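See structure below.
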Amino acid sequence: MVTTHNLGFPRIGKNRELKFALEKYWRGDIGQEDLQDIGQSLRQSHWQLQNKLDWLPVGDFSFYDHVLDISVLVGNLPKRADKEVSALDRYFQVARGQAVGQDQCHQIAAGEMTKWFDTNYHYIVPEFDANTLFSLHSENLIAQVREAKALQQNIKPVILGPVSYLWLGKSKDETDKLSLLDKLVATYEQLLIKLAEEGVEWVQIDEPILVTELDSSWHNALKQAYFSLNKSPVKLLLTSYFGELKENLHLACELPIAGLHIDAINGLSEVNKVVDWLPSHKIVSLGVINGRNIWKTDLNAILDWLEPLSERLKDRLWLAPSCSLLHVPVDLNSEPQLEDEVFSWLAFAVQKLDELTILAVALNEGYQSVEQKLQDNADAIKSRQLSPLVHDSAVKNRVARVDGSLAQRQSPYKKRSALQQQRFNLPLFPTTTIGSFPQTAEIRKTRSDFRQGKLNEQQYQELIRGEIKRAIEEQEALGLDVLVHGEAERNDMVEYFGQQLEGYAFSQFGWVQSYGSRCVKPPIIYGDISRSKPMTVEWASYAQTLSDKPVKGMLTGPVTILNWSFVRDDQPRSETCLQLALAIRDEVLDLEKAGIAIIQIDEAALREGLPLRQTQWQEYLDWAVNSFKISANGVGDETQIHTHMCYSEFNDIINAIADMDADVITIETSRSDMELLDVFNEFNYPNEIGPGVYDIHSPNIPTVEQIVMLMKKAAQRIPAERLWVNPDCGLKTRAWDEVKPALTALVTASRILREST
């Protein structure tokens with residue numbers, strides 16, 4: 001009999017219950033007991049949604065981040081966290097940072113945050129140094145195990161493996177992370193003994209680094225760790241996901257584990273090797289449902305290659321999604337407003353588990369037992385392949401006519417820079433923001449009322465213009481040099497554009513966790529993309545009439561729109577990106593024509609689209625950078641192009657970033673204390689750069705001294721005449737009473753820097 005299980009379920013709840021509970025707790029509206037009750041309720045409902053599976057995941061729920069949970073589990077929170085507060089509040093201090101003390105003058109810095117492999121999920125980076133010690137703190141996990149066992153279901157605790165945990169972390173001194181492995185593994189051994197005492201049979205232990213390029217030291221670390229953990233009294237299911245194992249495949253099959261899970265969506269060619277190489281006493285778990293995208297699985301095609309394996313492996317075959325379902329929305333049945341045809345092509349987390357069940361029933365009980373469901377699935381797959389909603393010959397023809405000239409600026413940066421300085425006459429260390437200003441309750445109500453028909457077009461426009469006017473006036477009062485209109489009309493930096501492009505569909509409740517309480521609702525690219533009319537020109541033009549200072553036109557770049565959408569899987573991503581680039585190019589040229597002299601094209605997600613293996617990077621970077629350049633480079637020399645990147649380790653792609661040839665790039669550096677600028681010690685970045693000095697993901701307000709210190713660090717690497725001063729991301733998630741003092745400090749710091757230069 002085929003066994004079904006899941007690697008993890010979305011944490012946030014169908015209606016983002018976790019988000020709202022966290023924000024109430026942080027505001028002081030509810031207490032710890034209330035928050036814990038909401039967490040327990042969510043876990044219970046999620047297990048109920050998965051009760052058809054043979055094994056339920058436990059420990060996949062988190063109040064903020066599963067990597068930070070492991071830091072708590074192994075006693076590795078940074079020493080700066082306040083030991084006088086509760087364990088939960090220490091956890092949130094590391095996640096978000098906090099001002100403490102009666103005068104709120106002492107700040108606890110948040111942990112560094114970066115992308116989880118090539119996804120749009122962010123994790124809190126573990127910190128190590130020569131004094132790092134580990135100690136087991138398993139209370140939370142054990143409590144969840146006991147909760148789940150009360151449901152009389154088979155349970156499978158989920159933990160991040162020790163080697164991946166070290167790999168994902170950063171040494172804060174010269175300590176070799178692998179020198180900590182023995183101590184860390186000893187803590188894991190204690191955990192596995194405790195889980196066995198709770199009656200746990202199987203533990204899912206994730207080692208996602210197995211799909212990356214690992215040198216011999218990391219291979220040896222995996223061997224060392226699992227030969228030690230093999231002594232534990234539980235069975236270990238080692239899981240990898242997000243790609244192929246390649247040269248790590250033989251190692252994974254040889255490790256002394258009870259079972260191995262591989263991503264059969266991205267690594268289908270490796271399935272037969274795993275089946276051949278794994279000893280006959282080991283479980284083979286195959287990720288046959290895509291945990292990263294929202295398209296229906298072609299169940300009949302899966303069964304064609306899966307049935308012979310099932311006959312061969314019998315009880316040794318387990319089926320699961322390819323990875324945790326953290327990366328998809330909860331339930332498609334919450335989306336009745338979707339067009340029927342598009343709806344029929346989709347599967348969210350709940351539906352993906354239904355698909356898994358159909359496969360298992362077909363293999364265990366015969367195809368006839370699910371004949372109608374398989375036929376319905378086949379009909380939906382064929383409908384999507386043939387639908388006129390998907391295919392637009394005009395778009396295809398335009399893409400076919402693209403040539404290299406579209407990606408070239410008229411003149412090199414030095415000539416453009418001189419013309420732009422003459423046009424704008426900006427001071428040294430010019431100040432700006434990244435685009436958005438606080439999305440207040442009034443702004444959200446205005447957009448909601450307009451969607452619901454409570455406001456007509458004229459009323460809506462008047463209210464949004466009022467918010468834009470406020471944003472401009474606030475920036476003028478603060479003394480910023482380059483202004484933005486504040487993006488009051490935008491619900492999301494990707495969805496806003498998708499709603500105005502052909503080839504997109506939108507959910508109402510298709511939320512996915514990005515980090516902590518921050519959720520995004522990725523739009524769905526189902527067809528060929530085109531722009532039928534200007535998307536931002538009206539708002540940008542109005543904002544520019546309110547100030548003599550330049551107001552940036554704000555756009556999201558094609559690569560970020562691609563990477564932050566659910567993307568069609570029936571054509572190469574590069575082709576979809578090129579369609580987006582042409583649509584954004586049209587918008588850039590219309591902004592320039594309307595007199596907008598500075599245009600920011602955000603590519604926040606450029607790096608996260610990198611393949612996990614460096615040998616595959618160049619192909620991606622070639623088409624990604626080319627798409628950005630096509631979107632940006634139709635403008636004249638005097639028009640200044642900005643771009644923005646956030647929360648990415650971009651040092652290893654600095655050549656590609658330079659090749660984008662944006663006049664100004666703004667980047668996140670505040671949480672890393674300008675570490676990300678170390679690359680400029682070796683690489684002479686040719687254009688202007690704004691290293692973010694205000695961590696907008698933390699409630700902490702930066703001081704003038706902190707900003708001056710950070711910018712002086714930046715000036716050691718980049719000439720002052722090419723430095724900008726700005727936050728590290730948009731300000732939509734912050735409140736005005738945080739933004740004003742932070743930007744006041746930023747402007748004051750900039751003036752001090754000018755006077756001292």
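Of all the C-alpha pairs in region 233-349, what % are more than 17 Å from each other?
Beyond 17 Å sits 58 percent of the P(r) for region 233-349.
Assuming a viscosity of 1.002 mPa s and a temperature of 20 °C, what translational diffusion coefficient in µm² per second does Stokes-Einstein assign to region 619-757, Rh being the Kirkwood radius over Cα pairs? List each step's numbers first, then the result.
Working: Rh = 15.8 Å.
Diffusion coefficient, whole number: 136 µm²/s.
Stokes-Einstein D for region 127-239 at 37 °C, 0.692 mPa s, Kirkwood Rh over Cα pairs, in µm²/s? The partial results should precede the final answer.
On the way: Rh = 15.0 Å.
Estimated diffusion coefficient is 219 µm²/s.
From the gyration tensor of the Cα coordinates in region 447-495, what semi-axes in whole Å does the equivalent ellipsoid have, largest first, with each one equal to sqrt(5λ)? List each step's numbers first, then the result.
Working: eigenvalues 122, 34, 8 Å².
Over the Cα atoms of region 447-495, the ellipsoid semi-axes are 25, 13, 6 Å.
Past the 18 Å Cα-Cα mark, which pairs from K156/K177; K52/K352; K282/K352?
On the way: K156/K177 29 Å; K52/K352 12 Å; K282/K352 26 Å.
Violating the 18 Å limit, Cα to Cα: K156/K177; K282/K352.
Rg over Rh of region 326-388, using C-alpha atoms and the Kirkwood radius, what does it come to?
Details: Rg = 13.0 Å, Rh = 12.8 Å.
Looking at region 326-388, the ratio lands at 1.01.
What net charge do the residues around K177 carry, taking every other residue with its C-beta under 14 Å from that of K177, with Lys and Arg at +1 and Asp and Glu at -1?
Working: positive: K170, K172, K183; negative: E127, D129, D173, E174, D176, D182, D215.
Once positives and negatives cancel, what remains is -4.
Could you please state how large a percent of the accessible area of the chain is carbon and sulfur, counting protein chains only and using a 1.4 Å probe? Intermediate values should be presented prior to the final figure.
Details: 13840 of 28880 Å².
Answer for the chain: carbon and sulfur cover 48 percent of the accessible area.
Taking R0 as 60 Å, what's the FRET efficiency between A87 and D276 from their Cβ-Cβ distance, rounded to 0.05?
Working: r = 47 Å, r/R0 = 0.78.
About 0.80, to the nearest 0.05.
Going by Cα centres, region 42-57 and region 1-38 are how many Å apart?
Taking the Cα centre of each part, region 42-57 and region 1-38 sit 14 Å apart.
Using alpha carbon coordinates only, what is the Rg to Rh ratio of region 402-446, with Rh defined as the Kirkwood radius? Don't jump to the answer; show the numbers that get you there.
Numbers: Rg = 18.3 Å, Rh = 14.7 Å.
Ratio of gyration radius to Kirkwood radius for region 402-446: 1.24.
Once you order the gyration tensor axes a ≥ b ≥ c over the Cα atoms, which shape class does region 212-258 get: rounded for a/c under 1.5, otherwise prolate or oblate by comparing a/b with b/c?
Values: a/c = 2.47, a/b = 1.46, b/c = 1.69.
Oblate, since a/c reaches 1.5 and b/c is not below a/b.
Run the numbers for S405 and A143: contour at 0.36 nm per residue of separation, minus the present Cα-Cα distance, in nm. Each step should come with its number before you reach the end.
Numbers: separation 262, 0.36 × 262 = 94.32 nm, distance 6.14 nm.
Here the segment from S405 to A143 would lengthen by 88.2 nm.
Restricting to DSSP loop positions (anything but H, G, I, E, B) with no more than 14 other Cβ atoms inside 10 Å of their own Cβ, which chymotrypsin sites (Phe, Trp or Tyr not before Pro) remain in region 420-513?
Numbers: sites: F424, F450, Y460, Y496, F497, Y504, F506, F509, W511; in loops: F506, F509, W511.
Answer by residue number: there is no such site.
Specify the inter-centroid distance of region 240-290 and region 506-558, based on alpha-carbon positions, in whole Å.
40 Å
Please give me, ordered by residue number, the trypsin sites (Lys or Arg not before Pro) of region 339-442 that lie in loop per DSSP and have at most 12 other Cβ atoms within 10 Å. Each step should come with its number before you reach the end.
On the way: sites: K352, K373, K382, R384, K396, R398, R401, R409, K414, K415, R416, R423; in loops: R401, R409.
Hits after loop and neighbour filter: R401.
Given a Förster distance of 51 Å, report the FRET efficiency between H391 and S369 from their Cβ-Cβ distance, rounded to the nearest 0.05. Write down the numbers at each step before the final one.
On the way: r = 36 Å, r/R0 = 0.70.
The pair H391/S369 has a calculated efficiency of 0.90.
PRE reach from A378 (point 7 Å along Cα→Cβ): which of region 275-297 fall under 20 Å by backbone N?
296-297
If I model a spin label at D678 and R451 as a point 7 Å from the Cα along the Cα→Cβ vector, what separation in nanometres do I get?
4.3 nm
How many percent of DSSP beta bridges within the chain run antiparallel, rounded to 5?
Numbers: 14 of 64 bridges.
Once the DSSP bridges in the chain are tallied, antiparallel ones form about 20 percent.
In whole Å, what are the Cα extents of region 350-454 along the three principal axes, biggest one first?
Result for region 350-454: principal-axis Cα extents of 75, 46, 31 Å.
I want to verify the translational diffusion coefficient of the chain in µm²/s; compute it with Stokes-Einstein, Rh as the Kirkwood radius over Cα pairs, at 4 °C and 1.567 mPa s. Mind showing how you got there, number by number?
On the way: Rh = 27.2 Å.
Approximately 48 µm²/s, per Stokes-Einstein.
Beyond 18 Å between alpha-carbons counts as too far, so tell me which of K454/K533; K533/K593; K549/K629 fall in that bin.
Details: K454/K533 25 Å; K533/K593 14 Å; K549/K629 26 Å.
Distance filter (> 18 Å) returns K454/K533; K549/K629.
Could you tell me the distance between the Cα centroids of region 724-747 and region 562-576, to the nearest Å?
With region 724-747 and region 562-576 each reduced to a Cα centre, they are spaced 33 Å.
What does the accessible area per residue of the chain come to in Å², with a 1.4 Å probe and no ligands, DNA or RNA counted?
Result: 38 Å² per residue.
So who's got an amide H within less than 5 Å of the one on G553, skipping anything under 5 residues away but keeping other chains? H placed 1.01 Å off N, in plane.
I598, I599, Q600
Pairwise over distinct Cα atoms, reciprocal of the mean inverse distance: report the Kirkwood radius of region 470-523 in Å, one decimal place.
On the way: mean 1/r = 0.0742 Å⁻¹.
Final number for the Kirkwood radius of region 470-523 is 13.5 Å.
Past the 19 angstrom mark, what percentage of all C-alpha to C-alpha distances in region 526-617 do you count? Show your work: numbers first, answer last.
Numbers: 2023 of 4186 pairs.
For region 526-617, the fraction of Cα-Cα distances above 19 Å is 48 percent.
Can you give me the span-like helices of the chain, meaning DSSP H runs with 18 Å or more of Cα extent along the axis and Kyte-Doolittle mean at or above -1.0? Intermediate values should be presented prior to the final figure.
On the way: long enough: 32-49 (26 Å, -1.26); 181-197 (24 Å, 0.44); 216-229 (20 Å, -0.34); 299-313 (19 Å, 0.23); 349-365 (24 Å, 0.67); 371-386 (23 Å, -1.37); 457-478 (32 Å, -1.13); 573-593 (30 Å, -0.08); 617-632 (22 Å, -0.23); 736-756 (30 Å, 0.04).
Answer set is 181-197, 216-229, 299-313, 349-365, 573-593, 617-632, 736-756.
Direction-averaged shadow area of the convex hull around the Cα atoms of region 55-148, nm²?
7.8 nm²
The values are calculated or read from the model by the stated rules, or taken from the named source; none is laboratory data. Only a predicted model underlies this, so the values are computations on that prediction, with no experimental measurement involved. Counting neighbours? That spans all protein chains shown, and the Cβs are built from the backbone with ideal geometry, glycine included. When the accessible area is computed, the model is the full protein with side chains, heavy atoms only, and any ligands, DNA or RNA have been set aside. Shrake-Rupley method; radii C 1.70, N 1.55, O 1.52, S 1.80 Å.
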